[in-house]
Amino acid sequence: MTTRTADSCGGRRGLLLWLAPPLCWFVVFMLVPYGLLFYYSLGSVEYMTFKPGASLANLVRVFCGEPYLAVLLKSLKLGVVTAIGATVLGYPVAFCLAFHTGSRVVKSLVYFLVIIPWWASYLVKAYAWKTILGSTGIINSMLASLGLIEKPLTLLLYNQFSVALTLIYIFTPFAILSIYAQLERVPTNIIESAKNLGATDREVFRRIILPLSLPGIVAGAVITFSLSFGDFVAPALVGGPDAVMISNIVVNLLGVAFDWPMAAAIGVVVIGFALTLISVAQHLENRAAVRF
């Protein structure tokens, strides 16, 4: 009995030693910063000096004051557009990569082409689209050489369209890899059995492949939405006054207005929204799994 108790205590100590580093990391780099963020959101600024407080006025201003609510809704819209665009573009690539590349060499080549944009700097990719969509860019030059336009088109740049296009281009690989990872887990014997029972390719896709790939679709959409929703480089480079996003407001509040409590309040709202989004995504995945 004494030996068993000693072994049990030793096992618990070993488990605690293994869990201590990640727990400490989580507390120091997650809980403490979030706590400080919430603490600052309750304070105020007077003469560029932070004063602690216990007021929810800053959080109320996010939803009631201008321009915070309008910019927040615009960021949500651009995030949704980016998530949908990346999913629509990424699913066919992931599908072909999983089911229509029999050769390992071809699959490796396609996979390489998907991830190679990550080797380039984010700024380089954003500036590339600024060059492509600019008044002297490739599109305007091509249209002018074909005689379709007399003056360069200015509607291609410095608006929400250019921001959404840039974000979709940059974050589509995340959607491709998320969907592909899920499609790779689809059992091929189920597909073969369905075809042997007379199911068409369309029925196999609609009733088997698509439901089983839904977790990858949701994961890719959540990732692309989260990254695009909080992006501030693309709006600063290819966006105009109509394409200002919530992250740009936070940067201005921190660096120009020195209104740290308001910036912290926006951060708290964004974190709360992200947690809600993850919960909804998990619920959708569970419902899809139960239905299938």
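The values are calculated or read from the model by the stated rules, or taken from the named source; none is laboratory data. No experiment lies behind these values; they were computed from the predicted model shown. Reconstructed Cβ throughout: ideal geometry from the backbone, glycine too, with neighbour counts over all protein chains shown. Areas reflect the complete protein model, heavy atoms only, side chains present, ligands, DNA and RNA absent. Shrake-Rupley method; radii C 1.70, N 1.55, O 1.52, S 1.80 Å.
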For this session: Quick one: count up the residues across the range 239-285 that are assigned to a helix (DSSP H, G or I) and of a type in the set (Asp, Glu).
Result: 2
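I'm trying to understand the selection: among the residues of the range 110-128, which are open to solvent by less than 50 Å² (accessible area, probe 1.4 Å) and touching a residue at least 60 places away in the same chain (Cβ under 8 Å)?
The answer is 114, 115, 126.
Would you confirm, using the coordinates I've provided, whether residue 222 is within 29 Å of residue 65 (Cα to Cα) and either open to solvent by 20 Å² or more (accessible area, probe 1.4 Å) or in contact with a Gly (Cβ under 7 Å, 6 or more places away or on another chain) (or both)? Break it down stepwise before answering.
On the way: within 29 Å of residue 65 (Cα to Cα): yes; either open to solvent by 20 Å² or more (accessible area, probe 1.4 Å) or in contact with a Gly (Cβ under 7 Å, 6 or more places away or on another chain) (or both): yes.
The answer is yes for residue 222.
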Seminar exercise, completed: Every listed condition ((1) within 30 Å of residue 130 (Cβ to Cβ); (2) touching a residue at least 60 places away in the same chain (Cβ under 8 Å); (3) open to solvent by less than 70 Å² (accessible area, probe 1.4 Å)) holds for residue 242 save (3)
For this session: Taking residue 77 as meeting all but one of (1) at pLDDT 90 or above; (2) open to solvent by less than 90 Å² (accessible area, probe 1.4 Å); (3) within 20 Å of residue 229 (Cα to Cα), write down the number of the exception.
Result: (2)
For this session: Residue by residue through the range 49-68, note down the ones that are open to solvent by 60 Å² or more (accessible area, probe 1.4 Å), part of a loop (DSSP other than H, G, I, E, B) and farther than 16 Å from residue 250 by Cα.
Result: 52, 54, 56
For this session: Check whether at least one residue in the range 174-186 is open to solvent by 90 Å² or more (accessible area, probe 1.4 Å), without any contact (Cβ under 8 Å) to a residue 24 or more places away in the chain and either under 30 Å from residue 211 (Cα atoms) or part of a helix (DSSP H, G or I) (or both), and report yes or no.
Result: no
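If you go through the range 136-145, how many residues are open to solvent by 70 Å² or more (accessible area, probe 1.4 Å) and at pLDDT 85 or above? Talk me through it step by step, then tell me what you get.
Keep residues of the range 136-145 that are open to solvent by 70 Å² or more (accessible area, probe 1.4 Å), which gives 136, 138, 142, 145.
With at pLDDT 85 or above added as a condition, the list becomes 138, 142, 145.
Counting residues in the range 136-145 that are open to solvent by 70 Å² or more (accessible area, probe 1.4 Å) and at pLDDT 85 or above gives 3.
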Problem set entry | Output for the range 190-210, where each listed residue is under 13 Å from residue 99 (Cα atoms) and loosely packed, with under 12 Cβ neighbours inside 10 Å | 192, 201
Problem set entry | From 157, 148, residue being more than 16 Å from residue 281 (Cα to Cα), open to solvent by 70 Å² or more (accessible area, probe 1.4 Å) and in a loop (DSSP other than H, G, I, E, B) | 148
